[in-house]
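Heads up: the structure comes next, in structure tokens.
The values are calculated or read from the model by the stated rules, or taken from the named source; none is laboratory data. All values reported here derive from a predicted model rather than from experimental measurement. Here the Cβ positions follow ideal geometry from the backbone for every residue, glycine too, while neighbour counts run over all protein chains shown. Accessible surface areas use protein heavy atoms only, side chains included; no ligands, DNA or RNA. Shrake-Rupley method; radii C 1.70, N 1.55, O 1.52, S 1.80 Å.
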Amino acid sequence: MTRLHAGIVGVWLAAVPPASLPAQQVAESNLPTIARVHYEGGGDWYANPSSLPNLLDEIAERSAIRTANRPVEVRLTDPDLPDYPYLYLTGHGNISLSDREVEALRRHLRGGGFLHADDNYGLDSSFRREIARVFPEESLTDVPLDHPVYRIRYSFPDGLPKIHEHDGLPAQGLGIFLDGRLAVFYSYQSDLGDGWEDVTVHRDPPELREQAIRMGVNLFLYALSAGPAR
């Protein structure tokens, strides 16, 4: 799979019926998918196992984009990292990146990649520490409510939806912008991934699950459409 960018997205957005592939074919497919970041440090990077397959199914049903029906697992030093426009990072514990991983992630994001970090209660302090190593001269800032990530497919005039309680703080969509392009989106105090999981896992009400899914669709479409800054 070659780097996914805005020119290719135009083809995917054509009227193509949704389709899925057997899981074992995902690696050989050129269909877009979500790459879950496998990191060290003790955190459960594999948390919410049903979340990403469910989100990919919803993306295929709600758009004309044909997606793979399974996410992939990727380490930041894998040579095929540039093939994945949407990196997803989550977990409940510590994240620890090596110097090589820090450099690889910096290069990937400066080259047009997109990272979605999803606060899953317990990830916050280590994520903020590690992303500061990746971009020591940049800061996480509030993503403006008129940004395309909040309206590319579904409208979120009030910003990031809050799915789970966490510390009782309001949900925040935080980001890092590189040359004006949103390269890192941090869904803080929201827990979107829980809202994507099978309904029997958390038993969230349908309206919360719908909000989580809609936001996930927006994030995926934004990742595919943004591409390198022009």
Name every residue in the stretch 79-102 that is of a type outside the set (A, V, I, L, M, F, W, C) and assigned to a loop (DSSP other than H, G, I, E, B), in order of residue number. PRO79, ASP80, TYR84, PRO85, HIS92, GLY93, ASN94, SER98
Residue count for the stretch 27-59, restricted to those that are more than 13 Å from the chain's Cα centre (by Cα) and of a type in the set (Ser, Thr, Tyr): 4
Just one of ARG70, ARG75 is open to solvent by 50 Å² or more (accessible area, probe 1.4 Å) and either within 29 Å of GLU210 (Cβ to Cβ) or in contact (Cβ under 8 Å) with a residue 40 or more places away in the chain (or both); which is it? ARG70
Test result for THR90, without any contact (Cβ under 8 Å) to a residue 40 or more places away in the chain and not charged (D, E, K, R): no
How about the stretch 136-230: which helices (runs of 4 or more DSSP H) wholly inside it have at least 1 residues that are open to solvent by less than 10 Å² (accessible area, probe 1.4 Å), polar (S, T, N, Q) and touching a residue at least 60 places away in the same chain (Cβ under 8 Å)? 206-226
Considering ARG203, ARG151, which residue is modelled with pLDDT of 90 or more and among the basic types (Lys, Arg)? ARG151
Candidate set: the stretch 60-106, residues that are under 15 Å from the mean Cα position of the chain (by Cα) and of a type in the set (Ser, Thr, Tyr); chosen: the one farthest from SER50 (Cα to Cα): TYR84
Checked the stretch 103-135 for anything small (Gly, Ala, Ser), assigned to a helix (DSSP H, G or I) and surrounded by 20 or more Cβ atoms within 10 Å (Cβ to Cβ); matches are ALA104
